[in-house]
Amino acid sequence: MWADSSWIPANCAALSALHLLVPVIARRAFYKEPEFGATCSVDLSELDIAELSYIQKRIRTLGSLTIFCLRMIQSLAILALLLLSFGQLSGVGHLGSRQAVANAPRGTGIQCVVYGYTWILSVFALFGNTRLNRVAFIHTSLLLAITWTVYMYRDVWPLATLDLSPADAAEGAVLWAKLCLLSLSGIFIPLFIPRKYIPINPKEPNQPSPEQTASLFSLLFYTYLESFIWRARRLSHVHLDMLPLLPDYDHLKNLVGRAFRVLDPMQTKSQRHLGLLLIRTFWFELCNLAAMSITAVIGAFAAPISINQLLQYLESGRTETPIKPWFWIAFLGFGRLFKDVSDQWFMYYTTRLSVRTQAILTELVFEHALRIRMKAGTPDNTSQLQVEVTREAESEEVSPYTTASSDTRTPDSGKGKAKSASNEGTSPKKVDVTQLDEAKETPHRHLVGRINNLVSSDLSNLEGVGTWATFISVESPFQIMLCIIFLYQILGWSALVGLVTMLITLPLPGWITKQIQGAHREKMRRTDSRVQTVTETLNVIRMIKLFGWEPRIAAQLDKKREEELVSVRRSQLLAMFINSCNNMLPILIMLSTFFTYTVIMKEELTASRVFSSMAVFDMLRIDLQASFSMIPKLVHAKVSLERISDFLRNTELIDEFEHARASDNTQTALNAIPEDRKGVIGIRHATFTWSKDGAPSRTLGGTRMRSFVLAIDEELIFRRGRINLIIGPTGAGKTSLLMALLGEMHYKPAGPDSYVSLPRDGGIAYAAQESWVQNDTIKNNILFGSLFDEVRYNKVLYQCALKRDLSLFNAGDETEVGEKGITLSGGQKARITLARAVYSNAEVLLLDDVLAALDVHTSRWIVDKCLKGDLLQGRTILLVTHNVAMASPIADFVVDMGSDGRILSQGSLESALARDSKLVNEVHGEGEELEKSELEIDAEKPDDAVPTQAAGKLMVAEEREEGHVGWSALKLFLGNMSNRPILFWLIYVSGHVLRQSLANLQTWYLGYWASQSETLSPKEVPAQHYLSIYTLLMALDMGAFACSVSYYVFGSLRAARVIHKQIVTSVLSTTLRWLDKTPTARIIARCTEDIGMVDNRVARATEAMTEVFVYMVLKVIAVIILSPIFIAPALIVSLASGLCANVFIKVQLAVKRELSNTKAPVLAHFGAAVSGITSVRAYGAQEAFKAEAYRRIDRYTRVAITHWNLSRWLATRINLIAVFFVTGLATYLTYASDLSASNTGFSLTMAAAFSGIINQMIRFFNEFEISGRLSRIQQYLLIEQEPKPTPEGVPPAYWPASGRLEVENLSARYSEDGPKVLRDVSFHVAAGERVGIVGRTGSGKASFPSLTLALLRCILTEGNVRYDGLPTEKMNLDALRSNITIIPQVPELLSGTLRQNLDPFSEHDDAVLNDALGSAGLFNLQDESDQSRITLDTHIAGGGANLSVGQRQILALARAIVRRSKLLILDEVTDKKPDYETDSIIQTSLRTELGKDVTLLTVAHRLQTIMDSDKIMVLDAGQIVEFGKPSELLKKEKGLLRSLVEESGDKEHLYAMARGASTA
């Protein structure tokens, strides 16, 4: 047999030669081209290395000098082996006895052949071309490794046995020389030789990543990260550029090329489950996972086998056994090392699979989102909302972070510019209030929000899907099978009883898991409800503060939080039950097995059987726990995959892609443009809908379903090179006409001659009505990827009235606009959007109501300077507008749309007026509005020169914590778990100490029971007695576990409740200044995402860290009690582990923070692209956005890979330390200790548990650090605060009885070091007076809101303000603000019903609310018979997005009437004014419907608004320059008010109004 094993290397060499030669022969026979001729030219650049010497060329070919040297050493070592074998064969020298040579000439000859062949391969590995040297080196290393393995089997293995001897012992010293050379050349060099960088795409090589050039040993133990780790640990912050480079195979471009042909619905027609397609894509990674799982399970059995054999050796009185103990000690160490390496490679492939899956699916969803047809809608009725809640609450976690400013809404159903865009009415049936509440709790499902959920919460559900699937399908069954086989070998058929017990008890955890899923769904529903409420609250927090609603809003949020925590408590208690069940089931299996073995089978239970079987039972326990925890995760992953699949396959695409996705039969030329119409811009005989199937789209705000159809009955051709005007009432389809041309609507030809044509050869530019800007500089937003032309750029700035705006910013056009353009006003965003279109070189410009967001003066400037300017001369412009009177003089062609989506007329404006009587009235009204615009007294001209203001970056940078989590942040959680936190933690830790002590006692007691068999016969050992005691210990253990966990659950819930209350109170009580400089999204993240972390990961990490720490300490104490000599090794292990952990945690914290910083830009880019998808497609910028997505995703992937690899780096080192510790202890207990077999088994079990838990301890501590978010929350508890309410600040119950206002020497500033915005303002207003507040043009508008904020004490003030006789500075802020009502320029509304907006705290009945709506003038705007009228049950979109500005102001006025405040402040609208009719109704309501005792302060921008007021206040530079009755002020010769009136174009009318007010 030994002689036959010598043939194994020869056979492998023959296979190697066959593997190399057959392809060469086949290629020469069939293709007639050399094997390696072509590759050399590809892999080597001859031009680059022509000047190098031959050796330098070889080094360049191999990759590095190190590779060349090591391969040279390998070749020399093989040559030495060849010479040794040849010397033995020829008998030269003293290489061995001639007798030995004569006895084995055949084996030595075989060796010569093998070494000779291997040496030839090593020469090719040195001097062959790129492809040949790589293959030759692999074959050489494999043959040497096989030969080494054969020698180990023949000559080393026999040394571990008693009856075998080395097969080649006759070779003497030559044998060991050969082994040394084989170890060097076949093991050491292949392990430590670096690899050459080979790019995935040779045409586009990247800078090599350390991972791609690292040696096999470096890959196994992650030593290639060492340089980065030791450099990063010395820094307080790690930048992205410091991280290891991303390997080629993880670049998104290469991943896309590999995966999209399988996953992209545009490239494949497969309808198979997305999970199966992912398996097909990542089959290689999954096969590696399965292989690593199997090898890890095999390696895990080294411990029980070794323990069994070692304890048998000790039980035998240390007599000789067939296999020597040192082998089992080595087997224990190497087996554990083998398992650890397999586990780490399993985790490597798992994390890499997760990162790749997330990158690919993110890009896939992103690219698919660029193809979808964007349709918008709010829930049409309550029942539909409820259906959505039921369908979606179970499967997803709703992300509150959706984009806002976008051009993706269905334009004609949601603009809301006039009354025809109002919300639809209530359903005929009375709506249940509880249903409305539930509807309000669930956010309506916008498509943008759905997409964001897919790439955030759904992708996070897939993070560990590779691990879960492999474990459930491969590792768990394989491990259970081996466990049963092992137990059967040790304990006989009693193991089958344990198997039956396991099968019987399996339904119990399954049932509990089902309950947990139900509890989790309920918890997520309530979490969604709280998150939605928090999000809406923070989106309108300024309104809440101005209305003094903070205490009641805080109470609402506390109620929501309490409901959520009830579900959290149920989920956590059920989790405790499932953990108890998972701990109990293996013990039951073990008890049933031991009972059968001792009581029924009457067998002897020895220490070797007990402790080896305990190790296997522990493996079963871990297996079952993992299986039951992974099943729900797999279910969640399956749901997420189905949601992503549904989006990819069932979301409606624009026609261009819908045809490509359909079968070939349907890809007919539906839009064949006639030859004589090519190049024109027009439509003929076609209809367009927002949905392919023609289903009615939801009408915003109502319950009636409205199906909008754009119908072009005749032929419409726009004039090229001219300005084409598209006019018509709101909802007529003007924007839809542009969308039809752009291909955004579904095209339905009416006949064979139908067509729609928009030539794109010369480029298309599009300016959306809902202005869309990117989170970039103003300059880059205008350029939008175009080349910079300074002259053209400056012209664009001038013509679009942006020069003055840029002068307001210190950074000028380099100012970052922020997320969704948060640093810009609505008018600025509109002009930047227009500037982007004007700057582009596009021949055709589609401008969608770009004048709507501008005041009249700026609109005039745009018309005169831009639309008439030289940059637009000769370009085709399609302008949608409501400003017919202003834009019509420049129009060459006018299209008038009717309210039914059809064209009323096309041609000149005169023809449109002749056919449309409503248009005549509209133009007349607009003419009056233009005249009134001349009376605006604070509208600054676009080219006015103003002093530069400090703009900089308005938004403060996000707080970045460095180092470890501080004690103050830790105390935030740990100190709020009880009123007496120290006592709480003493009790809790004591519970864990008791529980772990009982667990250790159980293990020792089993050993004690087994030790009785050493002195007593099996019949004399009372098995039932020992089983009873062991069962009692187990029951006490489970009881201690349940009590400690329950105690912790209630404590953690208390801490979570307190933390949420503190942060909500802190944010609601902060100043407006802090809110202005802090992005709302960041505040929302603190109050939602970070609070969720506290509930889940922080609580779990704290619990796990405490439990593991106690577990670890008690295990090492148990080892030291029996083996005191191991105090020093235990300390050394702890110290070494602590040093590794300290380095790891410091670096990992920095990398984790960088991970968050790189993830956010991916989502931001995603949201920006989707929110502006129409603009992106119109400009044809999809490829540019894809390239940017590639870049951002690669940045995130680079950090994510480093993040996961750092965990592997730590684990390999901790596991290596543990291996040395356990192996050392086993060696000591076997050879130097006199402990019994039972105590030895107990010590080994405890030591193995201690060493195995160190890595978990560090991991839990790191989890606590990096996901704690406690420091982030702590930062928001220390923000600046407004004064807290006091008992002394509560006003009397009768107050206020009137609206009397007295102001004396009032000064105000926004910050302590800021300039005064009000200076010594003094005035008195009697109850019931109407006061208008105006200012001179160019004086700045800052004084107006400053006065309002000062009266409400929202900014820092000095002086005295008395409201109805009481000083406001001594009054609680909520009392003051709740008795003053402000109607801002753009009122903020909550998402919910109109009833909830008027009366958010349910203090009034419907009759009062309807009266208020009537008094505000709403019913004058709508017909009672109109089913789309606004009622109390009408759903209002967040921020009132589905209402016009005028409608919002009417509702705000109604809300003010409901509040019955004695003081009302109105800030008149400047931008996006309501239409003429709505404005008239608002002005009439203000004059007639307010109570006689209500004081009205109107911040006016038109003199006509306030000339009939009781008094007028004229402000200039923060000071009152005039105050009195208008008739008196007009008598002053040099008065400012008089000068303003004299400068107006309607002074006679204004004088008449003033005279009328004085005589009234």
With the charge dipole of region 119-265 built from beta-carbon charges (+1 for Lys and Arg, -1 for Asp and Glu) about the Cα centre, the Cα from PHE137, SER236, LEU225 projecting farthest to the positive end belongs to SER236
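Can you give the Rg to Rh ratio of region 1030-1073, both from alpha-carbon atoms, with Rh computed by the Kirkwood formula? Mind showing how you got there, number by number?
On the way: Rg = 19.4 Å, Rh = 13.2 Å.
Radius of gyration relative to Kirkwood radius: 1.47.
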Rolling a 1.4 angstrom probe over the protein chains, ignoring ligands and nucleic acids, what is the accessible area of HIS239 in square angstrom, nearest 10?
100
If you take the alpha carbon radius of gyration of region 1342-1406 and divide it by 2.2 N^0.38 Å, what ratio comes out, to two decimals?
1.37
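Using mean Cβ contacts within 10 Å as the protection proxy, how do 1299-1306, 890-897 order, highest first?
On the way: 1299-1306: 19.0, 890-897: 20.8.
Averaged packing, sorted descending, gives the order 890-897, 1299-1306.
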In square angstrom, rounded to the nearest 10, how much accessible surface does ASP870 have for a 1.4 Å probe?
80
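How high is the FRET efficiency between ILE1279 and LEU191 when r is their beta carbon distance and R₀ equals 56 Å, given to the nearest 0.05? Can you show the working numbers first?
Details: r = 55 Å, r/R0 = 0.99.
That gives a FRET efficiency of 0.50.
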Once label points are set 7 Å from the Cα along Cα→Cβ at both SER5 and GLN267, what is their separation, rounded to one decimal in nm?
5.0
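Once the Cβ-Cβ distance between MET72 and VAL635 is put in as r, and R0 is 51 Å, what FRET efficiency do you end up with, to the nearest 0.05?
With R0 = 51 Å, the Cβ-Cβ based efficiency is 0.35.
Considering only the other residues whose Cβ falls under 11 Å of the Cβ of GLY1535, what net charge follows from Lys and Arg at +1 and Asp and Glu at -1?
Details: positive: LYS1531, LYS1532, LYS1534, ARG1538; negative: GLU1522, GLU1528, GLU1533, GLU1542.
Within the 11 Å Cβ shell, the charges total 0.
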Counting Lys and Arg as +1 and Asp and Glu as -1, what is the net charge of the other residues whose Cβ lies under 13 Å from the Cβ of TRP157?
-1
Relative contact order for region 790-900: what is it in percent, counting Cα pairs under 8 Å that are at least 6 residues apart?
29
Which Cα, out of ALA1136, PHE1166, VAL1116, lies furthest along the positive dipole direction of region 1103-1186 (beta carbon charges, K/R +1, D/E -1)?
PHE1166
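Counting Lys +1, Arg +1, Asp -1, Glu -1, what net charge surrounds GLU1369 among other residues with beta carbon under 10 Å of its beta carbon?
Details: positive: ARG1353, ARG1362, LYS1370; negative: GLU1358.
Counting the neighbours of GLU1369, the net charge comes to +2.
Between LEU983 and ILE1121, what FRET efficiency follows from the Cβ-Cβ distance if R0 is 25 Å, with the result rounded to 0.05?
Working: r = 30 Å, r/R0 = 1.18.
Computed FRET efficiency for LEU983 and ILE1121: 0.25.
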Could you give the nm distance between label points at VAL993 and TRP511, where each point is 7 Å from its Cα heading toward the beta carbon?
3.8
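Multiply the residue gap between SER183 and GLU1302 by 0.36 nm, knock off their C-alpha separation, and tell me the result in nm, one decimal place. Intermediate results must be reported in sequence, preceding the final value.
Values: separation 1119, 0.36 × 1119 = 402.84 nm, distance 9.65 nm.
Roughly 393.2 nm would be gained on extension.
How large is the charge dipole for region 825-917, taken about the Cα centre, if only the Cβ atoms of Lys, Arg (+1) and Asp, Glu (-1) carry charge, to the nearest 20 debye? Before the final figure, lay out each step's value.
Values: 9 positive and 11 negative charges, 66 e Å.
The calculation lands at about 320 debye.
Under the definition of Cα pairs under 8 Å and six or more residues apart, what whole-number percent is the relative contact order of region 1492-1536?
On the way: 36 pairs, mean separation 11.3, N = 45.
Rounded, it is 25 percent for region 1492-1536.
Skip the ligands, DNA and RNA, and give the accessible area per residue of region 462-526 with a 1.4 Å probe, whole Å².
Result: 47 Å² of accessible area for each residue.
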For ASP864 and ASP753, extending 7 Å from Cα along the Cα-Cβ vector and measuring point to point gives, in nm, a value of 4.6
With all protein chains in place and a 1.4 Å probe, GLU642 shows an accessible area in Å² (nearest 10) of 70
Mind putting a number on the dipole of region 138-222 about its Cα centre? Charges go on the C-beta only, +1 for Lys and Arg and -1 for Asp and Glu, and I need it in Debye to the nearest 20.
340
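Calculate the dipole size of region 984-1128 relative to its Cα centre from +1 charges on Lys and Arg beta carbons and -1 charges on Asp and Glu beta carbons; express the result in debye to the nearest 20.
I would put it at about 680 debye.
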Compute the length gained on full extension between SER165 and ALA1552: take 0.36 nm times their separation in residues and subtract their Cα-Cα distance, giving the result in nm to one decimal.
486.9 nm
Which pairs break 27 Å Cα to Cα here: LYS865/LYS1316; LYS253/LYS748; LYS559/LYS1284; LYS523/LYS692; LYS633/LYS1115?
LYS865/LYS1316; LYS253/LYS748; LYS523/LYS692; LYS633/LYS1115
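Highest mean first, what order results for 114-124, 505-515 on Cβ atoms within 10 Å?
Highest mean packing first, the order is 114-124, 505-515.
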With the calculation restricted to Cα positions, what are the radius of gyration and Dmax of region 538-696 in angstrom?
32.6, 101
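Note the full-extension length gain between LYS803 and SER968 as 0.36 nm times their separation in residues minus their Cα-Cα distance, in nm to one decimal.
54.5 nm
The values are calculated or read from the model by the stated rules, or taken from the named source; none is laboratory data. Bear in mind that the values here come from a model prediction, so they are computed numbers and not experimental data. Glycine gets a Cβ as well: all are built from the backbone with ideal geometry, and neighbour counts include every protein chain shown. Ligands, DNA and RNA are stripped out before the accessible areas are found, and what is left, the full protein with its side chains, is counted by its heavy atoms. Shrake-Rupley method; radii C 1.70, N 1.55, O 1.52, S 1.80 Å.
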